[in-house]
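First up is the structure itself, then whatever we jot down about it.
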Amino acid sequence: AQKVTQAQTEISVVEKEDVTLDCVYETRDTTYYLFWYKQPPSGELVFLIRRNSFDEQNEISGRYSWNFQKSTSSFNFTITASQVVDSAVYFCALSEAMNTGFQKLVFGTGTRLLVSP
Amino acid sequence: GAGVSQSPSNKVTEKGKDVELRCDPISGHTALYWYRQSLGQGLEFLIYFQGNSAPDKSGLPSDRFSAERTGGSVSTLTIQRTQQEDSAVYLCASSKRGVTGELFFGEGSRLTVL
């Protein structure tokens, strides 16, 4: 069965600090996809990134970066120079490859990030 | 509309009553998902509709839960004889066939069972 573990329930940092959110996954599939979603206080989840299991290149998008390591089954998310607007709950998710072209996601329990001014 | 629309945004009901939650997906999105988010829990998959195919109901927690999708668009999640443990935020998401796998979520329906 697929499983996603986000061991950090809540993280508090001061603005401009760097912060890494951990994500560890379990799957028996050789082809799968990993995701990060952000849930701001308004409640609506927002897609951040999707990686497939064959692409272990790290990705950087502005202040956000993702480190995918198959050897440790981890897909960690780092925010550099955090800002108050980064305060949200962040979810890591895993999806098996479906030949239908659609994704059925298994989510972790989320990490609440609080960035103080 | 531009995004996934859910109604009601808040619902308070008494134990034992039936409730219906509605989801209007993004136009053109053929896949629709229902998830449940309980306090301190992650998002729990409930059911998934893909076009005209039979839905994947593997996540429904009991036979008190059912969902339908009419005309390949609007979906209704029905909870019969509600229990206090049904209290949660029910999230709907939609997606289109493609390589991104991006789900677009609504703001959710918060259900409180007294």
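Any read-out appearing in this document is the output of simple, stated calculations on the displayed coordinates, not a laboratory observation. Predicted, not measured: the structure shown is a model, and the values here were computed from it. Using ideal geometry, Cβ is built from the backbone for each residue, glycine included, and neighbour counts are taken over all protein chains shown.
Listing for the model above:
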| read-out | value |
| --- | --- |
| Of A:Lys38/B:Lys96; A:Lys104/B:Lys11; A:Lys3/B:Lys15; A:Lys3/B:Lys17; A:Lys3/B:Lys57, pairs whose Cα-Cα distance is over 29 Å | A:Lys3/B:Lys15; A:Lys3/B:Lys17 |
| Directionally averaged projected area (convex hull, Cα atoms, the protein assembly as shown), nm² | 12.8 |
| Two-decimal Rg to Rh for region B:55-100 - Kirkwood Rh, Cα set | 1.01 |
| Sites matching trypsin sites (Lys or Arg not before Pro) across region A:1-84 that sit in DSSP coil, with at most 14 neighbouring C-beta atoms within 10 Å | A:Lys16, A:Arg28, A:Arg63 |
| Chymotrypsin sites (Phe, Trp or Tyr not before Pro) restricted to region A:7-79 and DSSP loop, no more than 15 other C-beta within 10 Å | A:Phe54 |
| Rg [Å, one decimal], Dmax [Å, integer] - chain B, C-alpha atoms | 13.4, 43 |
| Chain A: radius of gyration and largest Cα-Cα distance (Dmax), Å | 14.0, 46 |
| Gyration tensor (Cα) of region B:1-56, equivalent ellipsoid semi-axes in angstrom | 22, 15, 13 |
